[in-house]
Amino acid sequence: MKIKGRIICHKGNYAIARLNGAKMGGKVYSSSGRYIGRIIRIFGPVKEPYAKLKIERKWGRSVIEIYVRGDRR
């Protein structure tokens, strides 16, 4: 299962994205499937929450469309 989201703003190694149905600690990927970082906080309205992302790849700062894959454990 993939959850699609969109990055709203960047600040240093962090980004704010609009994600619906994502969980804390989830891995975030670009539209091409490359790993970007993790979700460290979820906040805002329940219907359309925001997520704070820790960007762990320098090239990940330029990505706009993101995906969170389902848990693979």
Do we have ASN20 as modelled with pLDDT of 90 or more and either touching a strand residue (DSSP E or B) at 6+ places or on another chain (Cβ under 8 Å) or of a type outside the set (D, E, K, R) (or both) here?
-> no
Looking at segment 34-58, which of the residues that are over 16 Å from ARG18 (Cβ atoms) and loosely packed, with under 12 Cβ neighbours inside 10 Å is nearest to the chain's Cα centre (by Cα)?
-> ARG34
Scan (1) modelled with pLDDT of 90 or more; (2) assigned to a strand (DSSP E or B) for the single condition PRO45 breaks and write down its number.
-> (2)
Tell me, please, whether a residue that is among the hydrophobic types (A, V, I, L, M, F, W, C), at pLDDT below 90 and out of contact with any helix residue (DSSP H, G or I) (no Cβ under 9 Å at 6 or more places or on another chain) can be found in segment 31-41.
-> no
Exception for ALA51 within (1) modelled with pLDDT of 90 or more; (2) assigned to a loop (DSSP other than H, G, I, E, B) falls at (2)
If you scan segment 59-73, which residues turn out to be surrounded by fewer than 11 Cβ atoms within 10 Å (Cβ to Cβ) and either at positive phi or aromatic (Phe, Trp, Tyr) (or both)?
-> TRP59
For residues in segment 24-33 being of a type in the set (S, T, N, Q) and touching a residue at least 12 places away in the same chain (Cβ under 8 Å), which is surrounded by the most Cβ atoms within 10 Å (Cβ to Cβ)?
-> SER30
May I ask you to list pairs of residues, at least six apart or on different chains, whose Cβ atoms are under 7 Å apart, with the first in segment 1-23 being on the phi < 0 side of the Ramachandran plot and the second being outside any strand (DSSP E or B) and β-branched (Val, Ile, Thr)?
-> ARG6/ILE64; ILE7/VAL63; ILE7/ILE64
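The values are calculated or read from the model by the stated rules, or taken from the named source; none is laboratory data. All values reported here derive from a predicted model rather than from experimental measurement. When we count neighbours, we look across all protein chains shown, and the Cβ atoms used for this are built from the backbone with ideal geometry, even at glycine.
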